[in-house]
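The values are calculated or read from the model by the stated rules, or taken from the named source; none is laboratory data. As the structure is a computational prediction, the values presented were derived from the model and not from experiment. Note: ideal-geometry Cβ built from the backbone for every residue, glycine included; neighbour counts use all protein chains shown.
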Amino acid sequence: METAWDHRFAQRTQRMQSSAIRELLKLVTEPDVISFAGGLPGPDVFPIKEFNQACTKVLIEEGSLALQYGTTEGYQPLREKIAEITSQYGIGVTADNILITSGSQQALDLLGKTFINPGDKILTEAPTYLGAIQAWNAYGADFVTVPSDDDGMITDALDHALRYGPKFIYVLPNFQNPSGTTLPLERRKQLVDLAERYGVPIVEDDPYGQLRYEGDHIPAVEVLDCRIRETNSCYSGNVIYLSTFSKTLAPGLRLAWVVAPPEVIRKMVLSKQGADLHTATFNQVVAYEVIKNGFLDEHIHLIRKVYRERRDAMLNSLAREMPAGVRWTHPQGGLFLWATLPEEIDTAQIFTEAIKEKVAFVPGASFFPCGGGHNTMRLNFSYSTTEQIEEGIGRLARVIRKFISI
Ligand code: PMP
């Protein structure tokens with residue numbers, strides 16, 4: 001419906017579509033719906049006790065610091081702690097390489113603000129993270145996609161896509177959102193080599209890297225980029241690396257970080273100043289208090305155990321319940337798996353029926369910035385209990401069977 005405001009909005013707002021997922025989530029808030037739709041961590045693993053203690057301690061001992069404005073770069077002890085954590089994974093960084101952001105979602109937005117001119121091409125996997133599409137659409141990005149298989153981005157197809165001259169390559173190497181796939185070492189190396197050859201930077205989004213349930217850790221793209229430069233410092237690298245506390249502590253904190261060469265950090269700091277001055281000081285000081293003595297590793301250990309059980313419950317239920325013709329990925333970590341139905345099926349139609357049966361998922365098409373994926377769906381396994389997963393997959397399979405037998 002037209003309103004008196006329509007002609008006043010900036011042109012860029014025409015490209016801002018409301019996220020399909022956020023709209024769908026509105027439908028699934030009723031308590032009897034089993035939702036595999038959101039990307040929500042399990043609320044039962046939130047470290048509530050630790051945050052309770054830390055809040056009290058911070059207010060008593062450092063209240064005047066924690067409630068004050070802070071620097072745009074972020075709370076220095078937290079930046080140093082993040083540099084230390086990141087270094088454990090072989091990424092040689094110092095606090096100068098780190099910018100704390102209000103969630104990785106803000107980092108994606110700041111990347112758009114800092115790098116994207118209208119009409120710039122951004123190279124992504126297909127499918128890719130919906131929040132990135134949403135953020136960069138607003139800056140007038142055009143997307144070029146590289147197809148994926150069960151091992152993530154098909155890097156053999158990269159060479160061709162890079163000829164479009166993209167501004168950067170956006171990749172999620174670990175337990176990808178939405179597909180759950182992991183990019184093998186050889187593909188990571190190929191990606192780094194090609195990006196270097198074409199002089200195109202890589203944005204590596206890694207919210208789930210620490211949530212591995214099986215298999216060996218694979219070095220980050222950022223680390224491999226440093227290796228080809230024969231340095232263990234990312235000061236001069238070609239990769240901008242993003243991670244977040246949303247999945248390892250709690251998303252309500254809105255605490256994440258960018259690792260990048262200092263000149264990139266300085267420019268992004270200017271972008272961030274105009275957006276929110278800085279990330280909430282209180283949240284940063286409290287999170288630092290919670291993790292400063294090694295709590296994070298201990299907590300991640302617990303999350304891995306709980307989510308591995310949920311992933312296994314979903315994989316077992318799918319194997320038991322789904323009709324022939326449905327296939328799914330076997331994620332080694334993260335929060336999602338990805339199901340593909342026969343070509344003629346439209347999962348948006350299945351969604352409408354599934355909601356009537358009180359089970360929800362995200363139809364896959366919204367994750368493809370250049371179209372496709374109508375017969376795919378994303379299933380989240382972190383939010384529901386194993387009992388809910390078994391019941392929910394049973395309901396979903398009953399709905400899918402009706403479509404497949406038609
Ligand atoms: N990138 C990816 C790939 C994600 O899955 C998410 C969260 N769903 C984000 C970024 C945003 O995370 P945050 O909560 O840190 O804003």
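Here Asp142 meets the list (1) away from the ligand (no atom under 12 Å from the Cβ); (2) more than 20 Å from Pro184 (Cβ to Cβ); (3) touching a Pro at 6+ places or on another chain (Cβ under 7 Å) almost entirely, failing just condition (3). Restricting attention to the range 134-158, the residues that are touching a residue at least 60 places away in the same chain (Cβ under 8 Å), of a type in the set (A, V, I, L, M) and either more than 15 Å from Ile202 (Cβ to Cβ) or assigned to a helix (DSSP H, G or I) (or both) total 1. Picking from residues in the range 95-122 that are surrounded by fewer than 21 Cβ atoms within 10 Å (Cβ to Cβ) and among the hydroxyl-bearing types (Ser, Thr, Tyr), the one that is nearest to the ligand (Cβ to nearest atom) is Ser102. Annotation for the range 159-180: no member residue is over 30 Å from Gly70 (Cα atoms), in a helix (DSSP H, G or I), in the same structural domain as Asp225 (by the TED database) and in contact (Cβ under 8 Å) with a residue 40 or more places away in the chain.
All of Tyr208, Tyr213, Tyr241, Tyr288 fail the test of being touching an Asp or Glu at 6+ places or on another chain (Cβ under 6 Å) and either in contact (Cβ under 8 Å) with a residue 12 or more places away in the chain or within 16 Å of the ligand (Cβ to nearest atom) (or both), apart from Tyr241.
Name the residue that is surrounded by the most Cβ atoms within 10 Å (Cβ to Cβ), counting only residues in the range 238-294 that are part of a strand (DSSP E or B) and not β-branched (Val, Ile, Thr). Applying the filter and picking the extreme gives Tyr241.
Looking across the range 83-94 at every residue that is under 20 Å from the mean Cα position of the chain (by Cα) and buried (at least 20 other Cβ atoms within 10 Å of the Cβ), the one that is farthest from Val239 (Cα to Cα) is identified as Thr86. You will find that of Arg187, Arg227, the residue that is part of a helix (DSSP H, G or I), among the basic types (Lys, Arg), in the same structural domain as Gly92 (by the TED database) and modelled with pLDDT of 95 or more is Arg187 and no other. Tallying residues that are on the phi < 0 side of the Ramachandran plot and not in a helix (DSSP H, G or I) within the range 94-133 yields 19.
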